[in-house]
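K.L.:
Quick one: the structure is below, questions incoming.
The values are calculated or read from the model by the stated rules, or taken from the named source; none is laboratory data. Just so you know, these numbers come straight off a predicted model, no measurement behind them. A quick note on method: Cβ atoms are made from the backbone with ideal geometry, for glycine too, and the neighbour counts reach across all protein chains shown. The area values use the complete protein model at the heavy-atom level, side chains included, leaving out ligands, DNA and RNA. Shrake-Rupley method; radii C 1.70, N 1.55, O 1.52, S 1.80 Å.
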Amino acid sequence: MKALFVFLGLFFGLYIGFYITPLFSFLIALLSLLSIFVAFKKQKLKFFLFSFIVGALLSFSFYLPLLNKNECIVLICQTRNNYVIGKTLFHKFYIYDSINYEVGDIVKMKGKISSFSFAEYESKFSFSSYLISLGARNEFKIDSSSYLFKNPIRLRLIEKAFLSSFSNEEKSLIELILFNKKDYQDELTKKMDSLSLLYLLSNSGLFYSLMLKLNKTIFSSFLSGKKEDVAEIILGSFLFLFSFKKIGVIRSFFSFLLRKIFKLKKKKVDDLTLICLPGLLLLAFDFNFAYQDGFFLSMGIALLYYFTNVKFSFYKKKKRLFLEFLLLNVFILPFKLSFSSGQFHLFSYFYSFLLTPIVAFSYFVCLFSFTFFRLGNFVSFLYKIILKLSNLFLKFDPTLSLFTPCKTSIIIFYIFFFIWLIFFNLNEIKIRRIASFSYIFSLLISFLPFWNYFSNEVCFINVGQGDSILLRNQNKTVLIDTGGNIKFDMAKEVLIPFFRKKRIYKIDYLILTHGDFDHDGAKESLCKNFNVKKVVDSKYEFPIEVGDLTLENLNRYNLEGNNENSLAIYTEFIDKKWLFMGDCPLEIEKLIIKDCPNLEADVLKVGHHGSITSTCYEFLKAIKPKEAIISVGKNNSYGHPDSKVISRLKSENIKVRRTDIEGSISYFSFAK
């Protein structure tokens with residue numbers, strides 16, 4: 001029990017400085033207070049508080065200043081396909097890798113440290129956030145480098161040489177199962193991703209644990225005592241060298257190793273300590289593991305099984321297995337919804353149950369091929385079996401469109417889960433019932449647009465280089481433009497997941513300001529895959545009234561040119577005056593202020609993404625905006641926003657907000 005409170009204290013402490021937002025800090029503080037309450041009852045308070053303080057101090061190391069921004073000595077601690085994560089004493093960096101660095105290399109680098117420059121989109125996978133979860137806060141752009149120490153075991157080169165002898169199908173399956181590399185152009189990867197079952201085809205702690213059990217079965221047939229334990233440790237360690245990139249595998253290896261060491265030393269250690277010690281070892285090696293989903297799930301599931309095992313042991317085997325399976329899937333539900341953009345596949349648990357034995361066997365075959373003898377034809381055969389099954393499953397794959405949980409929603413979910421688990425084990429029957437009811441109630445409420453009925457919102461959605469603006473008057477919705485991207489489906493990958501996250505299940509009016517692709521490129525896909533009641537793309541359909549909203553188009557002119565005919569939409573909403581200028585150029589701005597001399601706006605959506613062709617001085621002086629929103633893509637090829645436009649806005653003391661810097665920008669109010 002001591003190890004548990006040391007682990008919990010360190011874990012919660014590490015989150016104190018990681019996400020500095022009032023709500024997040026409040027939630028972490030609440031979880032910490034609950035832990036303090038239990039620690040006090042179990043007389044382990046001092047262990048929790050000490051580790052909590054250590055974790056909090058470590059978490060604030062993110063904000064320590066860089067001593068030398070042009071030169072540093074870096075330890076390579078993680079490798080990927082085309083980049084590595086390098087670590088100095090207090091900082092980690094993303095480093096583009098054209099040299100094939102290996103874990104364990106120590107390199108002296110000269111170059112430039114800068115912030116991340118990756119394009120980000122609302123509700124789409126955020127590479128920057130992923131790097132932050134690994135502990136990297138900046139990018140190091142190398143000018144020159146030299147080895148101080150070169151790891152003699154070049155696993156990446158061994159891996160490349162090994163894979164070169166396989167066909168594309170065989171290579172795809174081995175990369176997925178052994179090395180956690182996903183090629184989304186591969187047919188099997190796409191099919192499994194569509195079923196939200198891609199996580200099965202990754203080297204996990206489950207498969208590694210099964211391999212360890214297989215080793216034990218084999219060695220026990222001809223060895224015994226210390227010889228058997230030593231043989232298991234040697235082979236388990238050897239296999240770990242080729243599987244160490246997943247947190248679940250590392251935790252399973254540490255747990256296995258500790259069990260064997262304590263057994264050889266004839267020391268009795270309880271199961272809870274053997275669960276928590278690997279977690280503490282991981283955090284001691286790199287405390288940034290605490291911020292990764294894999295660590296949370298791996299440790300969470302292990303603790304979940306421990307705390308429920310005693311309670312469920314009184315049930316018959318079938319009922320116990322069903323309850324464990326049910327509780328496990330409730331536990332991982334927020335992550336499944338997050339990874340699948342709010343799509344809940346009704347038969348995914350059944351399909352995963354059918355596929356798991358085949359995938360586990362494929363793992364053994366791939367690992368055997370990598371370490372001992374090439375079984376290429378057999379690997380190809382397994383690839384085809386899994387592909388055929390995934391094709392069969394896709395023919396009957398009913399889904400529910402639920403919601404995409406944000407980070408805060410996930411934390412709230414696990415707070416209630418944590419409360420329930422605490423009182424489940426303390427035998428506080430009344431409090432346990434209240435906690436269970438609160439947990440189920442919060443789960444049901446999270447599926448419903450409860451908040452929407454009591455609030456209004458305007459959101460400038462981060463669609464990169466383009467426009468998309470949501471106006472929500474309680475449960476009535478208007479979307480102005482859709483954005484568009486030629487590389488991916490903006491509706492499926494950005495807009496619809498965003499709507500689900502907001503518990504929005506219909507768009508009453510889709511207004512298209514004009515026909516440029518960065519404004520209407522996602523229209524067809526959105527109308528096909530989401531409930532869009534009505535599409536408006538003509539200036540003659542205004543004014544539009546929906547709920548308490550009245551939208552007027554101020555560009556009533558008929559000049560030549562696509563941008564010249566862009567709608568300019570004005571509305572008064574949530575105690576503010578809004579003007580959305582689409583791509584209207586200077587000529588339209590001057591005509592509008594000439595014909596509407598009393599026009600004012602609190603918030604201006606700057607025309608044409610901050611291009612020099614819009615936002616003239618006369619226009620700004622006339623409408624007197626307090627804030628200006630520029631919807632623009634990071635590092636776009638157009639050079640938007642133009643520096644002269646930014647200067648004009650600042651000269652008028654107008655607050656500038658940009659989606660390429662802030663992401664989606666929202667304004668809220670309670671409904672009256």
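K.L.:
When the solvent-accessible surface of protein heavy atoms is calculated with a 1.4 angstrom probe, in what order do Arg556, Arg500 fall, highest first?
P.N.:
Working: Arg556 130, Arg500 25 Å².
I get Arg556, Arg500, largest accessible area first.
K.L.:
If you don't mind, there's one more thing I want to ask. Show me 561-567, 233-239 ranked by packing, highest mean number of other Cβ atoms within 10 Å first.
P.N.:
Working: 561-567: 19.4, 233-239: 14.9.
Highest mean packing first, the order is 561-567, 233-239.
K.L.:
Then there's this: If the chain between Phe285 and Lys624 were fully stretched, how many nm would it gain, using 0.36 nm times the residue separation less the Cα-Cα distance?
P.N.:
Result for the pair: 116.5 nm of gain on full extension.
K.L.:
Give me the number: length gained by fully extending Ser538 to Arg374, i.e. 0.36 nm times residue separation minus the C-alpha to C-alpha distance, one decimal in nm. Don't jump to the answer; show the numbers that get you there.
P.N.:
On the way: separation 164, 0.36 × 164 = 59.04 nm, distance 6.40 nm.
Fully extending the segment from Ser538 to Arg374 adds 52.6 nm.
K.L.:
Please give the calculated 222 nm ellipticity per residue for the chain, where each DSSP H segment of at least 4 residues contributes -39500 (n - 2.57) and the sum is spread over every residue; nearest 500 deg cm²/dmol?
P.N.:
Per the formula, -15500 deg cm²/dmol.
K.L.:
In whole Å, what are the extents of the range 100-171 along the principal axes defined by its C-alpha atoms, from largest to smallest?
P.N.:
39, 37, 20
K.L.:
Ignoring ligands, DNA and RNA, what percent of the accessible area of the chain is carbon or sulfur (1.4 Å)?
P.N.:
C and S fraction of accessible area: 62 percent.
K.L.:
Expressed in nm², what is the orientationally averaged projection area of the convex hull enclosing the Cα positions of the range 163-211?
P.N.:
On the way: hull surface 14.5 nm².
Orientation-averaged projected area of the Cα hull: 3.6 nm².
K.L.:
Would you mind checking the range 163-193 for residues with the amide N under 16 Å from a putative spin-label position 7 Å along Cα→C-beta of Asn100?
P.N.:
163-166
K.L.:
When averaged across all projection directions, what area in nm² does the alpha-carbon convex hull of the range 62-150 cover?
P.N.:
Numbers: hull surface 23.3 nm².
Directional mean of the projected Cα hull area for the range 62-150 stands at 5.8 nm².
K.L.:
What list of whole percents do you get for P(r) of the range 297-363, with Cα-Cα distances grouped in 10 Å bins up to the one holding the largest distance?
P.N.:
17, 41, 38, 4
K.L.:
Separate question: When the chain is fully extended, how far beyond the present Cα-Cα distance does Glu587 get from Ile385, taking 0.36 nm per residue of separation? Walk me through the intermediate numbers first.
P.N.:
Numbers: separation 202, 0.36 × 202 = 72.72 nm, distance 6.30 nm.
Fully extending the segment from Glu587 to Ile385 adds 66.4 nm.
K.L.:
Suppose R0 equals 35 Å. What FRET efficiency, 1/(1 + (r/R0)^6) with r the Cβ-Cβ distance, do Phe325 and Lys267 give to the nearest 0.05?
P.N.:
Efficiency for this residue pair is about 0.55.
K.L.:
Report the calculated FRET efficiency for Glu524 and Leu241 (r = Cβ-Cβ distance, R0 = 51 Å), to the nearest 0.05.
P.N.:
0.55
K.L.:
Which helices count as membrane-span-like in the chain under these terms: full DSSP H, at least 24 Å along the axis by C-alpha, Kyte-Doolittle mean of 0.0 or more?
P.N.:
Going by DSSP H runs, the hits are 22-41, 247-264, 293-312, 317-339, 348-371, 376-395, 407-426, 429-447.
K.L.:
Next up: Given 5 Å bins starting at zero, what is the percent of C-alpha pairs of the range 119-226 in each, up to the one with the largest pair distance?
P.N.:
2, 8, 10, 12, 16, 17, 15, 9, 5, 3, 1, 1
K.L.:
Another one. Accessible area per residue for the chain in Å², computed with a 1.4 Å probe and the full protein assembly in place, what is it? Each step should come with its number before you reach the end.
P.N.:
Numbers: 32260 Å² over 672 residues.
Accessible area per residue, the chain: 48 Å².
K.L.:
For the range 482-548 and the range 267-318, what is the centre-to-centre distance using only Cα atoms, to the nearest Å?
P.N.:
First find each Cα centre; the distance between them is then 45 Å.
K.L.:
Counting C-alpha atoms alone, how compact is the range 546-619: give Rg to one decimal and Dmax as a whole number, in angstrom.
P.N.:
12.0, 36
K.L.:
Taking a temperature of 4 °C and a viscosity of 1.567 mPa s, what whole-number D in µm²/s does Stokes-Einstein yield for the range 53-105 with Rh from Kirkwood over alpha carbon pairs?
P.N.:
Using the Kirkwood radius from Cα pairs, D works out to 106 µm²/s.
K.L.:
Over the range 561-672, consider all pairs of different Cα atoms and compute the Kirkwood hydrodynamic radius from their mean reciprocal separation; express it in Å, one decimal.
P.N.:
This gives a value of 14.3 Å.
K.L.:
Could you order Ile73, Ile504 so the one with the most accessible surface comes first? Probe is 1.4 Å.
P.N.:
I get Ile73, Ile504, largest accessible area first.
K.L.:
Let me ask something additional. Take the range 194-321, compute every pairwise Cα distance, and split them into 5 Å bins from 0; I just need the percent in each bin.
P.N.:
Going from the shortest bin to the longest, the percentages are 2, 9, 17, 19, 20, 17, 11, 4, 1, 0.
K.L.:
Would you mind giving the average projected area, over all directions, of the Cα convex hull of the chain in nm² with one decimal?
P.N.:
Approximately 34.0 nm², given one-decimal rounding.
K.L.:
Can you compute the modelled spin-label distance between Phe314 and Arg80, with each label point 7 Å from Cα toward Cβ, in nm?
P.N.:
With each label point 7 Å from Cα toward Cβ, the separation is 4.8 nm.
K.L.:
Past the 15 angstrom mark, what percentage of all C-alpha to C-alpha distances in the range 459-520 do you count?
P.N.:
When every Cα pair of the range 459-520 is considered, 45 percent fall beyond 15 Å.
K.L.:
For a quick check: with amide H placed at 1.01 Å from N, whose amide H comes under 5 Å from Gly633's, ignoring anything fewer than 5 positions away on the same chain?
P.N.:
So Gly633 has HN proximity to Gln465, Gly466.
K.L.:
Return the distance in nm (one decimal) between the two label points of a simple spin-label model at Ile113 and Ser669, each offset 7 Å from Cα along Cα→Cβ.
P.N.:
If labels sit at Ile113 and Ser669, their model points lie 4.4 nm apart.
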